[in-house]
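Report on one structure; see the data block that follows.
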Amino acid sequence: IENIAFELANMKVTKPLVLTNKQLRSLGLVDIVTKALEKGLVPAGAVYDDVPVDSSVDVVNDVAKVYRDAGCDAIVAVGGGSVLDTAKGANIVITHGTTDLKEYMGSEVLLGDRMAPFVAVPTTAGTGSEVTPVAVIKDTARHLKMSFVSFNLLPDVAVLDPRMTIGLPPRITAATGMDALCHAVEAFSCRQANPLSDGYARAAIDLIREYLPLVIAKPKVEANRLGMANAALLAGVSFGNSMVGIVHAVGHACGGVANVAHGEAMAILLPHGMTYNLDVVGERYGELLLHLAGAEAYSAEHPADRGNAAIEAVRAMNHVLHEKTGMPLMLSQAGVTEEQLPAIAKVALNDGAIAFNPKDAGYEDILALLRRAL
């Protein structure tokens, strides 16, 4: 955190906007950042702390207005995926001199424009948004999550500091950890998987296998928090260099239609998405068994069975986290009803992530997956 002022000064920033939410501000985490900025002689020009749980278009537009009105020249975002994605969305509005983010929905519509300096300080270990070219922002009026994809959205600086995650509640710690795992698994098995994304995915899963149980058992140990922060970052780099798939497509839809927390949707849906894809990428999942469960489990399985064993390893992680934190195992436990499934399936079908899934999926396929996960 103490290095942020130096990084901002290096980018000739004099008046950053600190973006966060009220809970983080009340916990004193934002004070750590603002005091470090003051000490480093780059004090905050304004603090915006009204970011909701799900980043929204209206909030993004409001942040951009506050930024302009205060004469700010950079964004320091302190928070989880919602805050970081809000910062990315606001940066689009600021850079393009518009007032409405919806004018720029889509992929690579931001080419050729240098964004405002942007420092990301994650307070969860899951989304990897601090190193990804993706922002997911909710259009509350239409009950859907919009994706924005461009390498221009990448933060200039990502800061991992265990002080930012050490107070994270157990259930959120578990769900965000499974979000990171989902990023790595889908990045490793999607249509655009490549040697670069593979390397980051394997490293991320190794860290998650080691540190997620430790951080649940001993949440105040900084080494455990930093281990998961690194895992989330590596998984973010991984899918930033390939993409995700059906789990994220359906998970985004569950969030948009039924307000399911993103990390919990990922945890619930990951084994079901892997089962759906098994006949196409079973061997790839089998390779991940080594990282999901260790060398002993990998060597114990016949090569033809390693894919199934990888799925069971994910299920086993979920069950342990459910027992220890209360994280839900089924969509019904997260508030989804049978009546909502058709709407969720329709929204998922139009989510950009579905195009990168290794196996094609239609409406009925998604509906069947949802019913199994309910």
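Restricting Ala253, Ala265 to those that are assigned to a helix (DSSP H, G or I), crowded, with 24+ Cβ neighbours inside 10 Å and under 14 Å from the mean Cα position of the chain (by Cα) reduces the list to Ala265.
Taking each residue of segment 254-269 that is under 16 Å from Asp139 (Cα atoms) and looking for partners that are open to solvent by 10 Å² or more (accessible area, probe 1.4 Å) and in a helix (DSSP H, G or I) with beta-carbon atoms closer than 7 Å, six or more apart or interchain, yields Gly255/His262; Gly256/Val347; Val257/Gln340; Val257/Ala343; Val257/Val347; Ala258/Gln340; Val260/Ala334; His262/Gly81.
The residue list His252, His262, His183, His248 contains one member that is of a type outside the set (Phe, Trp, Tyr), closer than 22 Å to Val53 by Cα and in contact with a strand residue (DSSP E or B) (Cβ under 6 Å, 6 or more places away or on another chain), which is His252.
Checking Val18, Val53 one by one, the residue that is closer than 21 Å to Asp85 by Cβ, within 26 Å of the chain's Cα centre (by Cα), open to solvent by less than 90 Å² (accessible area, probe 1.4 Å) and in contact (Cβ under 8 Å) with a residue 12 or more places away in the chain is Val18 and no other. Ala74 satisfies every condition listed in (1) among the small types (Gly, Ala, Ser); (2) open to solvent by less than 20 Å² (accessible area, probe 1.4 Å); (3) at pLDDT below 95 except (3). A single member of Ser147, Ser189, Ser197 is open to solvent by less than 40 Å² (accessible area, probe 1.4 Å), at pLDDT below 95, farther than 26 Å from Asn3 by Cβ and not aromatic (Phe, Trp, Tyr), and it is Ser147.
Scanning segment 21-46 for residues that are in contact with a strand residue (DSSP E or B) (Cβ under 8 Å, 6 or more places away or on another chain) and open to solvent by 50 Å² or more (accessible area, probe 1.4 Å) yields Lys22, Arg25. Apart from one condition, Val244 fits all of (1) under 18 Å from the mean Cα position of the chain (by Cα); (2) assigned to a helix (DSSP H, G or I); the exception is (2). Checked against (1) closer than 23 Å to Ala141 by Cα; (2) in contact with an Asp or Glu (Cβ under 7 Å, 6 or more places away or on another chain); (3) not hydroxyl-bearing (Ser, Thr, Tyr), Ile1 passes all but condition (1).
Being closer than 17 Å to Asp62 by Cα, at pLDDT below 90 and open to solvent by 10 Å² or more (accessible area, probe 1.4 Å) is a property that Gly97 has. Residues that are surrounded by fewer than 24 Cβ atoms within 10 Å (Cβ to Cβ) and either basic (Lys, Arg) or out of contact with any Phe, Trp or Tyr (no Cβ under 8 Å at 6 or more places or on another chain) (or both) within segment 213-232 comprise Pro213, Leu214, Ile216, Ala217, Lys218, Pro219, Lys220, Val221, Glu222, Ala223, Leu226, Asn230, listed in sequence order.
The values are calculated or read from the model by the stated rules, or taken from the named source; none is laboratory data. Keep in mind that this is a model prediction, so the values were computed, not measured. So basically every Cβ, Gly included, is an ideal-geometry build from the backbone, and we count neighbours across all protein chains shown. Note: accessible area is taken over every heavy atom of the protein model, side chains too, but ligands, DNA and RNA are not part of it. Shrake-Rupley method; radii C 1.70, N 1.55, O 1.52, S 1.80 Å.
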